[in-house]
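One structure below.
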Amino acid sequence: MTRTAYLDHPGPIPLAHRGFDRDGLENSMRAFQSAIDLGFRYLETDVHATSDGVLVAFHDESLDRVTDRTGTITSMPWAQVSQARIGGVEEIPRLEVMLHTWPQARFNIDIKSASAIGPLVRVIERARAHDRVCVTSFSDTRRRQALRRLTRPVATTAGQITTARFRAATQAAARSRRSLVARAMGDADGLQVPVRFRRVPVVTEATVAAAHSAGKFVHVWTINDPGEMNRLLDLGVDGLVSDRADLLKQVLTQRGQWA
């Protein structure tokens, strides 16, 4: 496992999903600041690159759903994308600005498109943020391309194919399970997964134990119900990603696990 400072956290890691805002201003500086104000230091975001290589913290490939503009980010220069306003009021942030604005924060970064790989590598290198980021992607190919281009290791989690291999390995006989799970996980330090995928359970007592036996962590997304938060924490998961940072903090505080 890559032991970067990113993973240096006592107890389960609380991750604010696209920041925290009840007014739909996801992935805005306001949302991330709200999470910081609550005491969060782990922020989850996605990244795309504009046509001229500016890396933005934004989930969708297009501006249509959450901003007052339309168009696909990868086909537009930053000069145009920067005019869009999330919810009509908030600018789309650049990841590099976020890294410098909150130097103590740690960022879970999901690479949403191949064009974002190079810009992400350059931003991490310029900010020397290797110990502060976890590089993730549904695509193992995108994730590994980014890792190969970085000059220092970063924390990283399994993509969809690696996760499927992990799930298959957990079905093996007990005597061989640990080695098969470790092999299936490869270079990934851990998993970031939903509770279930297409009705197939992904996060169970057995899968969490299997991951831990191979020295891998398990983070679960996107959990907004306090009852489910408690259930997963009882299973021993290592982190929760939530839109409801306020409720997640409350649950962890009640359990004595808010650091």
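The values are calculated or read from the model by the stated rules, or taken from the named source; none is laboratory data. In this text the structure is predicted, and so the values were computed from the model without any measurement. Every residue, glycine among them, receives a Cβ derived from its backbone with ideal geometry; neighbour counts consider all protein chains shown. Quick note on the areas: whole protein, heavy atoms, side chains included, nothing else; ligands and nucleic acids left out. Shrake-Rupley method; radii C 1.70, N 1.55, O 1.52, S 1.80 Å.
Note on region 199-222: among residues that are assigned to a loop (DSSP other than H, G, I, E, B) and open to solvent by 30 Å² or more (accessible area, probe 1.4 Å), the one that is nearest to L180 (Cα to Cα) is G215. When V181 is tested against the conditions (1) within 30 Å of D37 (Cα to Cα); (2) surrounded by 20 or more Cβ atoms within 10 Å (Cβ to Cβ); (3) more than 19 Å from the chain's Cα centre (by Cα), the lone failure is (1). Considering only residues in region 28-46 that are in contact with a strand residue (DSSP E or B) (Cβ under 8 Å, 6 or more places away or on another chain), outside any helix (DSSP H, G or I) and not hydrophobic (A, V, I, L, M, F, W, C), the one that is surrounded by the fewest Cβ atoms within 10 Å (Cβ to Cβ) turns out to be R41. Count of region 49-95 residues, restricted to those that are surrounded by fewer than 20 Cβ atoms within 10 Å (Cβ to Cβ), of a type in the set (D, E) and touching a residue at least 24 places away in the same chain (Cβ under 8 Å), is 3. Given the criteria surrounded by 21 or more Cβ atoms within 10 Å (Cβ to Cβ) and part of a helix (DSSP H, G or I), does I161 qualify? In short, no. I need the full set of residues from region 223-238 which are open to solvent by 50 Å² or more (accessible area, probe 1.4 Å), in a loop (DSSP other than H, G, I, E, B) and of a type outside the set (D, E), in order please. Across region 223-238, the qualifying residue is only N224.
In region 164-173, the residue that is farthest from the chain's Cα centre (by Cα) out of those that are outside any helix (DSSP H, G or I) and not hydroxyl-bearing (S, T, Y) is A173. For G118, the criteria (1) within 28 Å of T4 (Cβ to Cβ); (2) modelled with pLDDT under 95 hold in every case but one, which is (2). From the list I111, I124, I117, the one residue that fits, being out of contact with any Lys or Arg (no Cβ under 8 Å at 6 or more places or on another chain) and open to solvent by less than 10 Å² (accessible area, probe 1.4 Å), is I124.
Mind checking whether some residue in region 17-25 is part of a loop (DSSP other than H, G, I, E, B), in contact with a Leu (Cβ under 9 Å, 6 or more places away or on another chain), open to solvent by 10 Å² or more (accessible area, probe 1.4 Å) and more than 22 Å from P119 (Cβ to Cβ)? So that I can check it myself, show each step before the final result.
Taking region 17-25 first, the residues part of a loop (DSSP other than H, G, I, E, B) are 18-25.
If we keep only those that are in contact with a Leu (Cβ under 9 Å, 6 or more places away or on another chain) as well, we get 18-20.
Subsequent filtering for residues that are open to solvent by 10 Å² or more (accessible area, probe 1.4 Å) retains 18, 20.
Narrowing further to those that are more than 22 Å from P119 (Cβ to Cβ): 20.
Yes, region 17-25 contains at least one residue that is part of a loop (DSSP other than H, G, I, E, B), in contact with a Leu (Cβ under 9 Å, 6 or more places away or on another chain), open to solvent by 10 Å² or more (accessible area, probe 1.4 Å) and more than 22 Å from P119 (Cβ to Cβ).
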